[in-house]
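Below: the structure, in structure tokens.
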Amino acid sequence: MRRRDDLTFGKLPPRLLPLLVLALGLLATAMAGLGFQRLAQSRDEERFANVVAQASNQIAARLDTYSAVLRSAAGLFAARQTMVTRPEFRAFVDRLDLPGEYPGIQGLGFSLLTPDGGGAETATLLARMGAPEVRVRAAPPGEPVHTVVFLEPMDRRNLAAIGFNMYSEPTRRGAMERARDTGRAAMSGKVELVQEIEGRKQAGFLIYHPVYRGGGTPPTVEGRRADLVGFVYSPFRADDLLAGIFANEPNPRVSFAIYDGTVRPENLLHRSFRHDEQEVARHAFMSGQRELRVAGATWQVVYYTTPGFERGSSRGLALPFVLGGLLATALLTAATWRQAQARVAAEAEVAARRAVESQRELLIAELNHRVKNTLATVQSIAAQTLREGASLRETRESFESRLLALSQAHDLLTKANWRGAALEDLVRLELAPYRGGRRITLDGEPTTLGPNTAVALAMGLHELATNAAKYGSLSTPEGRLRVSWTPQDRSGEPWLVLEWLESGGPQVKRPSRRGFGTRLIENGLRRQLGGEVELAFEPTGVRCRLDVPLSEPAADPLAASR
């Protein structure tokens, strides 16, 4: 049963496995890094939303608390059958401990709707309230006058607001009319407080709560307008208020800018940072805008993250995470590469061993084959030589010369590692003992013979040369020998035509019997090489023509001559 890894990677080239591991590792790292980044971003967005909600709730809760203070002051006026006096109002405010319990509030005051626009009736009423020194500021005819009578604590800033007609300023007037008609607290838009008499001026706003005759709130708008006595109110310096709200956060996670109504430079109430807002927005990790509705007014709060928020983000871990993944991928790829290299080396070593073993077996088989063929050839030469019936000396000489021819052919083949032998070298080697002067002529193109063909032709040429030296053209000085050969292409197969032509020697007679050489040339070469042999004993000299294929047969060179 095959293992799963064999089924998966068995056919994969070893050198491709590290590339596959690298690709999969990079893909996994990229996907994991992207997922980690998205998860971190989602968590950051959730954290940012929570921080923004927390900051907005802190602002809204503080302003609601101040609205509750105004309601309690309005309750003070509702509980009295007569107007509240300055000492009573001061005692009430002192009891509240505004600086300690309600940081950020500028003060708590009362604005009186004068009954006659500042005439005698107003003067009498102010005297009963314990504020006869208040000077009512004039207003256009027919316009109500709301004069600031009380404002505690009575410091230099708040003292500057005593006697101010708040109804004369449009932004304040809008908030006062809204509070009057609804019977609830109403916050004004951005104003410059009358208290801004020294130092850096801050944007300000006010919250008003109406006070009606009879202590209650009339059920109709007309009734509320008719029974209005005045307003308890609180002025706020925006920077002081917001700094007080977030005083307990030394390392805030967000900074913010608050705008009255729409986000425009002229509507800026407060910003918790000193740098230019565009620069802050450019460097902020995250930003967002949130609407805040308090006491009938609308603020737009733009939030920007701070370095404190960014330090708590896990997004910065994405890069180390990816780097760690890349490092792990690199290590795994390197290990896989080394393993693949080792596998390739092992396979190469096994293949080399198999090749060596195969070569050794081939060499042994080839050696065995060649030894058998050589022994068979020697045996055949010996048998045929002895069969000629010559004297012992002649038999020995014939046998030795034929063995020498066989040996010379083997030497040529050995020099070429038995891949073949050049025909011209073979002819020159066989005719070397007889090449004196210009008796022998060789003519032919360079031609390479296979091992078996070379051995067979060597034996045949040896017999022709021996016969010529004994009885033919090479037996006299006047004799001549011409050996020529021509390679041919017959139907795509290579062939060789070799001609042996003797002349100038003794008159040739056809032998009365066929000796070993004749049988070797006529029968052995024809059968062994699969070609045609024409041997003619003409009176002028022996002529032999060999037509043999150059493709390598596999046969015993002397088997056909036995």
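The values are calculated or read from the model by the stated rules, or taken from the named source; none is laboratory data. Please read all numbers here as calculations on a predicted model, not as lab measurements. Here the Cβ positions follow ideal geometry from the backbone for every residue, glycine too, while neighbour counts run over all protein chains shown.
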* Restricting attention to the stretch 455-502, which residues are part of a helix (DSSP H, G or I), small (Gly, Ala, Ser) and over 19 Å from Arg545 (Cβ atoms)? -> Ala469, Ser475
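So is Pro320 surrounded by fewer than 18 Cβ atoms within 10 Å (Cβ to Cβ), at pLDDT below 80 and under 28 Å from the mean Cα position of the chain (by Cα) or not?
Criteria met by Pro320.
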* Structure fact -> The correct count of residues that are assigned to a strand (DSSP E or B) and closer than 20 Å to Val455 by Cα in the stretch 503-532 is 1
* **Among (1) modelled with pLDDT under 80; (2) among the charged types (D, E, K, R); (3) in a helix (DSSP H, G or I) - the single one Arg62 does not satisfy** => (1)
* Asked: So which residues in the stretch 211-260 are among the β-branched types (Val, Ile, Thr) and within 17 Å of Ile59 (Cβ to Cβ)?
  -> Ile245, Val254, Ile258
* **Flag for Leu159 being touching a residue at least 12 places away in the same chain (Cβ under 8 Å) and closer than 18 Å to Phe110 by Cβ** => no
* May I ask you to verify whether Gly261 is crowded, with 16+ Cβ neighbours inside 10 Å and either at pLDDT 85 or above or at positive phi (or both)? => no
* Here are some conditions: (1) surrounded by 15 or more Cβ atoms within 10 Å (Cβ to Cβ); (2) in contact with a Lys or Arg (Cβ under 7 Å, 6 or more places away or on another chain). Arg526 meets all but one. Which one does it not meet? -> (2)
* Asked: When you go through (1) surrounded by 12 or more Cβ atoms within 10 Å (Cβ to Cβ); (2) outside any helix (DSSP H, G or I) one by one for Thr122, which number turns out not to apply?
  -> (2)
* **Hits in the stretch 93-119 - residues which are at pLDDT 90 or above, over 17 Å from Ile207 (Cβ atoms) and part of a helix (DSSP H, G or I)** => Asp94, Arg95
* List, please: which pairs have Cβ atoms under 7 Å, are six or more places apart or on different chains, and start with a residue in the stretch 162-176 that is of a type in the set (Lys, Arg) and end with one that is part of a helix (DSSP H, G or I)? -> Arg172/Met166; Arg173/Tyr167
* **Residues satisfying the stated conditions in the stretch 38-86, i.e. buried (at least 17 other Cβ atoms within 10 Å of the Cβ) and among the hydroxyl-bearing types (Ser, Thr, Tyr)** => Ser56, Tyr66, Ser67
* Asked: When you go through (1) over 21 Å from Phe89 (Cα atoms); (2) aliphatic (A, V, I, L, M); (3) surrounded by 15 or more Cβ atoms within 10 Å (Cβ to Cβ) one by one for Ala138, which number turns out not to apply?
  -> (3)
* Asked: If Glu277 satisfies every condition in (1) in contact with a Leu (Cβ under 9 Å, 6 or more places away or on another chain); (2) buried (at least 19 other Cβ atoms within 10 Å of the Cβ); (3) not aliphatic (A, V, I, L, M) but one, which is the exception?
  -> (2)
* Asked: Hey, among Asp276, Asp260, Asp239, which residue is touching a His at 6+ places or on another chain (Cβ under 9 Å) and of a type in the set (Asp, Glu)?
  -> Asp239
* All helices (runs of 4 or more DSSP H) inside the stretch 152-257 with 1 or more residues being hydroxyl-bearing (Ser, Thr, Tyr) and surrounded by fewer than 19 Cβ atoms within 10 Å (Cβ to Cβ) -> 170-182
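With respect to Phe246, determine if the residue is of a type outside the set (A, V, I, L, M), within 18 Å of Asn50 (Cα to Cα), out of contact with any Ser or Thr (no Cβ under 6 Å at 6 or more places or on another chain) and in contact (Cβ under 8 Å) with a residue 60 or more places away in the chain.
yes
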